[in-house]
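Chemist: Have a look at this one before I ask anything.
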Amino acid sequence: MSYPLSDDAQDLLFRTARTHHAWQNRPVSDELLRGLYDLMKWGPTSANTSPARLVFLRTAEAKQRLMPALAPGNVEQTRQAPVTAIVAYDLRFYDQLPKLFPHNPAMRERFASSAAAAEVTAFRNATLQGGYFLLAARAVGLDCGPMSGFDNAKVDAEFFPGGTVKSNFLCNLGYGEPAKLLGRHARLDFEEACQLL
């Protein structure tokens, strides 16, 4: 079957994309990080809520603040990575809705008046944006190492002390060491994961 994206583009984004744990000593520029965000921000979210918030840790000092929250197996790969992103979600995303969803002013109040609706919307849509983040990073030429092995409460206390932004996952970014990749693991076949009704 023929698709709009070339096989090379599909490989870059999906088939040959890997989770990296070892990194080359090559810097990632601020300009490239801005380009990554400027690409990912166009991914759709419900009511254009766009609740994802990103913190890019680029210095040894910034990364040192993260170290106490990491599971032991994630410390060295994070220390080596040129950049570690905290992918988070803003529980008060609705404050931006007058800009992001101006044709329906009532939408802001809908979320402002229900903490439960705001939280589930923020988490779900920021997680979607986290997926776009990985694809955008690969599209601009970066390798990714997404991680769940950390203490969210410690990350939130250190980087989001106001309490309205919460961490979702971490992602190391840079240029991976291909020689240190683990073997490719299997994926479920269509019949194992999907239904056609």
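The values are calculated or read from the model by the stated rules, or taken from the named source; none is laboratory data. In this text the structure is predicted, and so the values were computed from the model without any measurement. All Cβ positions, glycine included, derive from the backbone under ideal geometry; neighbour counts span all protein chains shown.
Chemist: Give the range 149-186 a look and list any residue that's touching an Asp or Glu at 6+ places or on another chain (Cβ under 8 Å), in a strand (DSSP E or B) and not small (Gly, Ala, Ser), or say none. Spell out the reasoning first.
Modeler: Kept after step one, since they are touching an Asp or Glu at 6+ places or on another chain (Cβ under 8 Å), are these residues of the range 149-186: 163-167, 173-176.
When the remaining residues are screened for being in a strand (DSSP E or B), the result is 165-167, 173-174, 176.
Within the range 149-186, Val165, Lys166, Leu173 qualify.
Chemist: Run Leu134 past the list (1) at pLDDT below 95; (2) touching a Pro at 6+ places or on another chain (Cβ under 7 Å) and report the number of the one that doesn't hold.
Modeler: Failing condition for Leu134: (1).
Chemist: While we're on this one: Exactly one of (1) within 20 Å of Phe56 (Cβ to Cβ); (2) within 19 Å of the chain's Cα centre (by Cα); (3) not aliphatic (A, V, I, L, M) is unmet by Glu76. Its number?
Modeler: The one condition Glu76 does not meet is (2).
Chemist: Does Val155 satisfy the condition of being surrounded by fewer than 18 Cβ atoms within 10 Å (Cβ to Cβ) and either of a type outside the set (Phe, Trp, Tyr) or more than 18 Å from the chain's Cα centre (by Cα) (or both)?
Modeler: Taking the combined requirement at face value, the residue does not satisfy it.
Chemist: Is it fair to say Ala137 is in a helix (DSSP H, G or I) and either of a type in the set (Asp, Glu) or farther than 30 Å from Ser6 by Cβ (or both)?
Modeler: Numbers: in a helix (DSSP H, G or I): yes; either of a type in the set (Asp, Glu) or farther than 30 Å from Ser6 by Cβ (or both): no.
When the stated conditions are applied, Ala137 does not pass them.
Chemist: Next question. Count, please, the residues in the range 157-188 that happen to be within 21 Å of Gly131 (Cα to Cα) and free of Cβ contacts under 8 Å to residues at least 12 places away in the same chain.
Modeler: 4
Chemist: Quick check on my filter: what residues within the range 36-90 are among the aliphatic types (A, V, I, L, M), in contact with a helix residue (DSSP H, G or I) (Cβ under 9 Å, 6 or more places away or on another chain) and surrounded by fewer than 20 Cβ atoms within 10 Å (Cβ to Cβ)?
Modeler: Within the range 36-90, Leu39, Ala47, Leu54, Val55, Ala60, Met67, Val75 meet the criteria.
Chemist: A further question on this structure: Of all the helices (runs of 4 or more DSSP H) wholly in the range 1-88, which have at least 3 residues that are in contact (Cβ under 8 Å) with a residue 12 or more places away in the chain and under 30 Å from His103 (Cα atoms)?
Modeler: Once the helices (runs of 4 or more DSSP H) in the range 1-88 are filtered for at least 3 residues that are in contact (Cβ under 8 Å) with a residue 12 or more places away in the chain and under 30 Å from His103 (Cα atoms), what remains is 30-40.
Chemist: Answer yes or no as to whether Leu100 is surrounded by fewer than 20 Cβ atoms within 10 Å (Cβ to Cβ), over 25 Å from Ser29 (Cβ atoms) and either of a type in the set (Ser, Thr, Tyr) or free of Cβ contacts under 8 Å to residues at least 24 places away in the same chain (or both).
Modeler: no
Chemist: Can you tell me which residue within the range 106-138, out of those that are under 14 Å from the mean Cα position of the chain (by Cα) and farther than 15 Å from Thr49 by Cα, is surrounded by the fewest Cβ atoms within 10 Å (Cβ to Cβ)?
Modeler: The selected residue is Gly131.
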